[in-house]
Amino acid sequence: MIKVYDNFLSEKEKQEIYDFCKKQSYHRGEIDRPGCPPTGLVSNLNNQNIISKLMKQITDEKKDMFRTYINLFIPNERPYYHIDNNDPTYKTCLYYVNTDKINYMDEGGETYFIQTDFIKGVSFVPGRMVLFNSNIMHKATSFRNKDRYTIALKFKSNNILK
């Protein structure tokens, strides 16, 4: 299951998070799966204020955070499909950071999920958060003309999404 959360932060909070992400130092990204080259850029996220603002939207009874970071994809980068963890009790939460006034429909930036016999896309909407079981095959897409920032929060939970 994939859950989408919209309109839970103020415009000021969204802008503060975007400004924070643009100022961070990034290093070469990770390999999505064996045999694929690394894609994107990554910066560890240790800002507890941001993490708390995002995680308070998720009403799981218990969340054991194990990794928090920012992804940065430059225009026209082509990430690969991957899973974050084989264990269905692990969750991934993606927060779409950019707040620019652009046409997100034509610009791209979706996240695609493989679900049995079809692919589901979740559109990039500024301030949107997407929660899913970490064992779902997925990939990001870059924007055509802008850098794309996404915060990834990964945690273990006893509540499996259905």
If you average the sequence gap of Cα pairs under 8 Å that are 6 or more apart and divide by the length of the chain, what percent do you get for the contact order? 33 percent
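Add +1 for every Lys or Arg and -1 for every Asp or Glu among the other residues with Cβ under 13 Å from the Cβ of K139, and state the total.
On the way: positive: R33, R78, K120, R148; negative: E30, D32, E77, D84, E110.
Summing Lys and Arg as +1 and Asp and Glu as -1 gives -1.
Grab the other residues whose beta carbon is less than 12 angstrom from that of N7, score K and R as +1, D and E as -1, and report the net. Write out the running numbers ahead of the final one.
Working: positive: K14, R128; negative: D6, E11, E13.
So the surrounding residues net to -1.
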Order of M55, M65, M129 - criterion: other Cβ atoms within 10 Å of each residue's Cβ, fewest first: M65, M55, M129
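Provide Rg over Rh for the chain; use the alpha carbon set for both Rg and the Kirkwood Rh (inverse mean inverse pair distance). Kindly include the intermediate steps, with their values, before the conclusion.
Working: Rg = 14.7 Å, Rh = 15.9 Å.
Answer for the chain: 0.93.
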Tensor-based shape of segment 41-103 (alpha-carbon gyration tensor, a/c under 1.5 rounded, otherwise prolate or oblate): oblate
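Ranking K22, K156 by Cβ neighbours within 10 Å, fewest first, what do you get? Don't skip to the answer; put the middle values down first.
On the way: K22 13, K156 16.
So the ranking, lowest neighbour count to highest, is K22, K156.
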So what is the relative contact order for segment 99-149, in percent, with contacts set as C-alpha pairs under 8 Å and at least six apart? 43 percent
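Among H138, H82, H27, what is the fewest-to-most ranking by other Cβ atoms within 10 Å?
Values: H138 24, H82 15, H27 10.
Result, fewest neighbours first: H27, H82, H138.
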Under-21-angstrom lysine pairs by C-alpha in segment 27-159, whenever the two are 8 or more apart or on separate chains: 23
Which log10 I(q)/I(0) values does segment 1-83 give at q = 0.14, 0.19, 0.23 Å⁻¹ under the Debye formula, counting every alpha carbon as one identical point scatterer? -0.64, -1.11, -1.29
Relative contact order of segment 35-74, pairs being alpha-carbon contacts under 8 Å that are 6 or more residues apart, as %: 69 percent
Under 20 Å from the 7 Å Cα→Cβ point of N135, by amide nitrogen: which residues of segment 99-122? 113-120
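Where does the chain land at 222 nm, in deg cm²/dmol rounded to the nearest 500, when only DSSP H runs of n ≥ 4 count, each adding -39500 (n - 2.57), divided by all residues? Please list the in-between numbers first.
Details: 3 runs with 24 residues, N = 162.
Helix contribution divided over all residues of the chain: -4000 deg cm²/dmol.
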Separation of alpha-carbon centers, segment 32-68 and segment 1-25, rounded to whole Å: 13 Å
How much length would be gained if the chain were fully extended between I119 and M65, taking 0.36 nm per residue of separation minus their Cα-Cα distance, in nm to one decimal? 16.7 nm
Test item: Cα-centred dipole of segment 17-162, Lys/Arg +1 and Asp/Glu -1 on Cβ, debye: 260 debye
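Quick note: the coordinates plus some simple rules give every number you see, no bench work behind them. These figures come from a predicted structure and were not determined experimentally. As a convention, Cβ positions derive from the backbone with ideal geometry for all residues, glycine included, and neighbour counts pool all protein chains shown.
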